[in-house]
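Remarks on the structure that follows.
The values are calculated or read from the model by the stated rules, or taken from the named source; none is laboratory data. These figures come from a predicted structure and were not determined experimentally. Reconstructed Cβ throughout: ideal geometry from the backbone, glycine too, with neighbour counts over all protein chains shown. Surface areas here come from the heavy atoms of the whole protein model, side chains and all, with no ligands, DNA or RNA. Shrake-Rupley method; radii C 1.70, N 1.55, O 1.52, S 1.80 Å.
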Amino acid sequence: MESQEAGQIPYGSSVIRSNAVDVSLPINYKNIAGKTILITGGASGFGAACFQQWANHGANVIIGDVNAQAGTELVARIRKETGNANHHFLSLDVSSWPSQAAFFKQAAKLSPHGGIDHVMANAGITSVPEEGSFQDPPDYATMEDPPAPVHRTLDINLTGVVYTTHLAIAYLSRNPGSRNCSVDEHTAPRDRHLILVSSLAGLSGLPSLPFYATAKHGVVGLFRTLRITGALKSGIRVNMINPYFVETPLLGIDGALVMAGGAMAKIEDVIEATTRLVADQGIIGRALVIGFRGPSSVAKAAGLQPVVADQAIWDVYAHDFEQSDVFVRRIIGVTNLIATARGWVGVISDVGAKLSRPFWKVLGY
Ligand SMILES: NC(=O)c1ccc[n+]([C@@H]2O[C@H](COP(=O)([O-])OP(=O)(O)OC[C@H]3O[C@@H](n4cnc5c(N)ncnc54)[C@H](O)[C@@H]3O)[C@@H](O)[C@H]2O)c1
């Protein structure tokens, strides 16, 4: 931990994070058994596939979704297959705070140990019509009372994830019997783990889907902040996945047509990446891209350094964010050097200057 001086912003060496995820290591599936896992949007696609995998390895999985029929049927099937009655479906609309608050409360009550070990903030949509009309607006100048643009994509994929994250911090940090995460503790009966589901569209623009890309960039912003503060403040490990296009109902017919003839990622690799994060409690503050499973010669030709054959899962942070984090650290370094030079005299004079201004000016009005 860094020593804290007057006016300094904590950054850099105070971060608790593990090294890049080594995808050549075997997965310790045993550490999944007995964990209570919440998945938003768990009735379909990635959520349903991860549910199946983790239930097969002994987890108790509680899914929330707007699709009650698919969710109820899935839970009934997996209960039967696993002989475990601790899997549940709960109705959930992630864009509604009361719905999410009730989901977490009920899930903790249903959990065999009264707590939550993992939360996968997964629910998401794409909406071609609202994205299209955003980039093709009507002539507002001629309208008497122009309607506000609709953006369910932001409500679900960003505000919904913010609600899930806030509740996850509240419940994970109070998980009975859990301890602060540590890079040295790879297994334990209890965990405190948040998995954020972003996308490759969270790391680069997606011209046809501006709301989707904005929401997924927002999730990356959450990750980059919480990977610093989650472990420090609440002992929670926060990790993220950034899949490339995968064939699920989310893509719809439009997406499938756009991707026709192109290489896509596979849902099995999304499951593997997410399972690695779940199974190893020493993984803290990492992000994994799930891409096309290409031969090593192709990966190398594209400038990547594969460690397994046909590698699809790549640690993002070590090869991408580190540079910009170093840059940001330098910028903050300038601020901290100035703060050090000014010392407590600077703090007191700034606070004095603020307090001597009218109250509403301090608030920025
Ligand atoms: N499929 C891809 O190519 C891809 C790529 C990168 C990231 N992702 C992300 O992965 C996540 C899962 O997507 P998927 O491909 O499995 O899609 P999917 O459509 O198969 O599953 C999404 C689930 O979310 C549910 N959902 C939608 N709105 C909801 C709401 N308001 N409240 C609760 N549940 C809601 C849906 O009913 C569905 O069950 C999404 O966040 C998506 O953006 C998908």
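Please arrange Glu185, Glu131, Glu73 by accessible surface area, largest first, computed with a 1.4 Å probe and ligands excluded. Could you put the intermediate results ahead of the total?
Numbers: Glu185 45, Glu131 0, Glu73 110 Å².
Per-residue accessible area, sorted high to low, gives Glu73, Glu185, Glu131.
Of the residues Phe46, Ile125, Ile228, the one whose Cα sits farthest towards the positive end of the charge dipole of the stretch 29-329 is Ile228 (charges of +1 on Lys and Arg Cβ, -1 on Asp and Glu Cβ, taken about the Cα centre). Counting heavy atoms of the protein chains alone, Ser182 has an accessible area of about 40 Å² for a 1.4 Å probe. Annotation: per residue accessible area for the stretch 29-329 equals 44 Å², rounded to a whole number [probe 1.4 Å, protein chains only].
Under 8 Å for C-alpha pairs, at least 6 residues apart: give me the relative contact order for the stretch 29-329, rounded to a whole percent. Before the final figure, lay out each step's value.
Details: 565 pairs, mean separation 49.6, N = 301.
Reported as a whole number, the value is 16 percent.
At 7 Å along Cα-to-Cβ for each site, give me the label-to-label distance between Leu25 and Asn86 in nm. Taking the two extended label points, one gets 2.5 nm.
Could you tell me the relative contact order of the stretch 224-318? Use alpha-carbon pairs under 8 Å, at least six residues apart, and round to a whole percent.
Working: 124 pairs, mean separation 29.0, N = 95.
Once divided by the residue count of the stretch 224-318, the mean separation gives 31 percent.
Assuming a ≥ b ≥ c are the square roots of the Cα gyration tensor eigenvalues, decide whether the stretch 29-329 counts as rounded (a/c under 1.5), prolate (otherwise, with a/b larger than b/c) or oblate. Rounded, since a/c falls under 1.5.
Give the ranking of Lys216, Lys30 by solvent-accessible surface, highest area first, calculated with a 1.4 Å probe.
Lys30, Lys216
Pairs from the list Lys80/Lys105; Lys30/Lys109; Lys30/Lys266; Lys109/Lys266; Lys30/Lys80 with a Cα-Cα gap above 28 Å: Lys109/Lys266. In the stretch 200-278, Cα pairs under 8 Å separated by at least six residues give a relative contact order of 23 percent.
Label positions at Asp254 and Glu268, each projected 7 Å from the Cα along the C-beta direction, are separated by 3.1 nm.
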